[in-house]
1. Within the group 163, 120, which residue is surrounded by fewer than 18 Cβ atoms within 10 Å (Cβ to Cβ) and either among the aliphatic types (A, V, I, L, M) or in contact with a Cys (Cβ under 8 Å, 6 or more places away or on another chain) (or both)?
2. Counting only residues that are basic (Lys, Arg) and either over 22 Å from residue 103 (Cβ atoms) or modelled with pLDDT under 95 (or both), which one in the range 56-87 is surrounded by the fewest Cβ atoms within 10 Å (Cβ to Cβ)?
3. Kindly indicate which of 190, 170 is in a loop (DSSP other than H, G, I, E, B) and at pLDDT 90 or above.
4. Out of all the residues in the range 273-283, is one or more over 28 Å from residue 172 (Cβ atoms), in contact (Cβ under 8 Å) with a residue 24 or more places away in the chain, part of a loop (DSSP other than H, G, I, E, B) and under 48 Å from the mean Cα position of the chain (by Cα)?
5. From 111, 104, 139, 84, grab the single residue that is within 34 Å of the chain's Cα centre (by Cα), under 30 Å from residue 55 (Cα atoms) and outside any loop (DSSP other than H, G, I, E, B).
6. If you take the residues in the range 139-153 that are buried (at least 17 other Cβ atoms within 10 Å of the Cβ) and among the hydrophobic types (A, V, I, L, M, F, W, C), which one is nearest to residue 227 (Cα to Cα)?
7. Is there a residue in the range 258-281 that is assigned by TED's automatic domain parsing to the domain that holds residue 230, at pLDDT 85 or above, of a type in the set (Val, Ile, Thr) and closer than 19 Å to residue 230 by Cβ?
Amino acid sequence: MLCMSYLLSIEMYPPVFVSKPEPMTLFVGKQAVLQCSLTGSSPMEVVWHKDNIAITSEGNYVIKSEKNKYSLHIKSLELTDQGVYLCKASNSVGTATFTTELTVIRKPSFVRTFEPTSAAVNDPLKLECQVDEDTGVTVTWTRDGKKVHLSMDCKISFEDKVAVLEIPKSKLKDSGKYVCTATNEAGSSSCEAVVTVQGKNLKNCTMLVKKRDENNIEMECHMTGSAPIKVTWSKDHKDIRSGGNYKISCVENTAHLTILKADKGDTGKYFCHASNDMGKDSCSTDISVKGILKPGAAKPETPAAAPTKKLDNLFFIEEPKSMHVTESKNIKVESRNI
């Protein structure tokens, strides 16, 4: 009997990684998948480590393998999942490893907020706050629940984790509750404060009565306060409108009422009414037109004991009596006549 023996030789190959994950940055709450592909002879053992600690397929971790693909799944990322991950593959003839880094980003939190503040009308207003994270962060501002947009009247910026809202010239309508919200894929945080814009009271309101030119009398009322200031005129409590023998104008904070070709019918009590968003007030004066002197007519003599003002041969006007009317505690008005 002939006996023969054969030596069967099987060549073995060590593991080699043909693909591996790059370092990644993900947000808290998201899923992470670390996947690699291997070549090499079976049987092959693949294990995962984080910061040199072995990972098992349980809890937040799931380890999968399919043919030559191996993966580690982290279901819902937490800050503690950040670190260096190592994958080690080995068989009877060799070992291969790779490492990759996982960075986990949390939602932004405010490390500095803005406080309740106040400003006067037309003064600059600036709100500033800071967050501890700016990766993938967007910042929005609202006032009383309505989004505040970037415009010529409102500057908004977010740089180096600092959010700024700036109003160069504040208005009364800029008052309200401001909320700054910083958001990324991990979540959002907000800070808020109330802003009050205060108007400037009307003050130093002064009425002047003077001759403008022949046959005309001009009353001038000057006041200071927050714009817009509304000014109206009345005579004996009846509104005066521009037209006829009345001419009304207003330049900045000075209002003018001109009586054209004044006569005795223009005698009466004249009021200048001023108002803004902070309140209202008025000042008044009595004007009495005695008559018109014709050219060349003699001027009536003025008693020495009680001199009156002369208006260049045109009108005789009684010394006006000033009356101060106050409708708001916020405003002080004084009437002066010359």
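1. Unique residue meeting the criteria: 120.
2. 67
3. 170
4. No, because not a single residue in the range 273-283 is over 28 Å from residue 172 (Cβ atoms), in contact (Cβ under 8 Å) with a residue 24 or more places away in the chain, part of a loop (DSSP other than H, G, I, E, B) and under 48 Å from the mean Cα position of the chain (by Cα).
5. Result of the check over 111, 104, 139, 84: 104.
6. Ranking the candidates gives 148 first.
7. no
The values are calculated or read from the model by the stated rules, or taken from the named source; none is laboratory data. Remember, it's a predicted structure, so these values are computed and weren't measured experimentally. Counting neighbours? That spans all protein chains shown, and the Cβs are built from the backbone with ideal geometry, glycine included.
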